[in-house]
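A quick write-up on the structure given underneath.
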Amino acid sequence: MIEITDISTFTSPKPTVITIGTFDGVHLGHQKIINKVVESARRENLLATIFTFFPHPRMIVQHDNSLKLIHTLSEKKEALKALGVDLLIVQPFNEKFANLTAEDFVHKLLVERLNAKKVIIGYDHRFGKGRTADIKDMEHFGEQYGFAVEEIPVEEINEVSVSSTAIRNALLSGKMDIAERYLAAPYSLTGTVVHGMKLGRSIGYPTANIVVDDKYKLIPKDGVYAVYSLINQQKVYGMMSIGKNPTIEGKGSSIEVHFFDFNSDIYDQQITIYFIKYLREEQKFDSIELLKQQIANDETAARKAIALR
């Protein structure tokens, strides 16, 4: 897959079939659209092309810094590559791009730079300055500049919208099975292992403290989860706590993983954690001993969830 972040200096080596969108999560709804693009490209000897944006347009247009995303940019790239996309355009979304007229977007980027022969978009897709242009305008531009326009039906667009909302709601409520079903893969977090207070080690449950590298990544509901990671090409299972650590005064918020039957030094390594199941909400205990007892119960519950995978 070719990745382009500066389209102003790029010209596609062959004609393309293009779809446009943010594609956060690259979930089942998105996958149906992308498969349509890939199939069309293979059938017509075109490059299957995704035109996406970073940062998310809402962060720029609405100045929404609270927005959390299902996928980081690197996760989105990997998901799109796996679906057979040939060409990925990651357009920096800034004020200049937001002010590009609909015709300039189509003529200067889709036609001149990407040599578009087909554009596949939803019936409700809006584009250009102020998002004033719609699919009828795209069809008009297609006639003017010589490319076909294929409309994605309302049913498929509604599926995309529902899926995105359902995934976010599921993650914020600990319903990892729903998120996994819509994503067709376990939800994951990637971060760097850093030094913590090392309290877990003193009670027999050493943990890896994870700092998530991308601040806009959606962190699921606080609580305890059964999880796994791939470390040195080996699948390692464990349990993870996300939360504010109310039992430990002064500790503050953290994401910590205790890996089962694992004793390697992974400090400063970047690892990805995959969620299996939400086990329980975060609790405050009256003593460290009671916390230790609960962690033992969590281990039993986590191992049971892992055995049922």
From LYS32, LYS14, residue being touching a residue at least 60 places away in the same chain (Cβ under 8 Å), open to solvent by 40 Å² or more (accessible area, probe 1.4 Å) and within 18 Å of TYR123 (Cα to Cα): LYS32
Of all residues in segment 162-173, which are open to solvent by 10 Å² or more (accessible area, probe 1.4 Å) and either over 27 Å from VAL37 (Cβ atoms) or in contact (Cβ under 8 Å) with a residue 40 or more places away in the chain (or both)? VAL162, SER164, ARG168, ASN169, LEU172, SER173
Filter pass, ASN158 being on the phi < 0 side of the Ramachandran plot and open to solvent by 70 Å² or more (accessible area, probe 1.4 Å): yes
Evaluate the following for ILE50: is it of a type in the set (Val, Ile, Thr), modelled with pLDDT of 95 or more, under 19 Å from ILE121 (Cβ atoms) and over 20 Å from the mean Cα position of the chain (by Cα)? no
Do any helices (runs of 4 or more DSSP H) entirely within segment 97-186 hold 3 or more residues that are modelled with pLDDT of 90 or more and more than 30 Å from GLY243 (Cα to Cα), and if so, which? 135-145
Within segment 3-17, residues of a type in the set (D, E, K, R) and not in a loop (DSSP other than H, G, I, E, B) come out as GLU3
Residues to consider are ASP261, ASP222; find the one that is more than 28 Å from the chain's Cα centre (by Cα) and either open to solvent by 60 Å² or more (accessible area, probe 1.4 Å) or closer than 30 Å to PRO55 by Cα (or both). ASP261
ALA302: closer than 27 Å to ILE70 by Cα, open to solvent by less than 90 Å² (accessible area, probe 1.4 Å) and aliphatic (A, V, I, L, M), yes or no? yes
What residue, among those in segment 1-46 that are of a type in the set (Gly, Ala, Ser) and under 17 Å from the mean Cα position of the chain (by Cα), is modelled with the lowest pLDDT? GLY29
From the options GLU151, GLU159, GLU180, residue that is without any contact (Cβ under 8 Å) to a residue 40 or more places away in the chain and of a type outside the set (Lys, Arg): GLU151
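The values are calculated or read from the model by the stated rules, or taken from the named source; none is laboratory data. Nothing here was measured: the structure is a model prediction, and the numbers come from that model. Note that we place each Cβ from the backbone using ideal geometry, even for glycine, and neighbour counts take in every protein chain shown. Quick note on the areas: whole protein, heavy atoms, side chains included, nothing else; ligands and nucleic acids left out. Shrake-Rupley method; radii C 1.70, N 1.55, O 1.52, S 1.80 Å.
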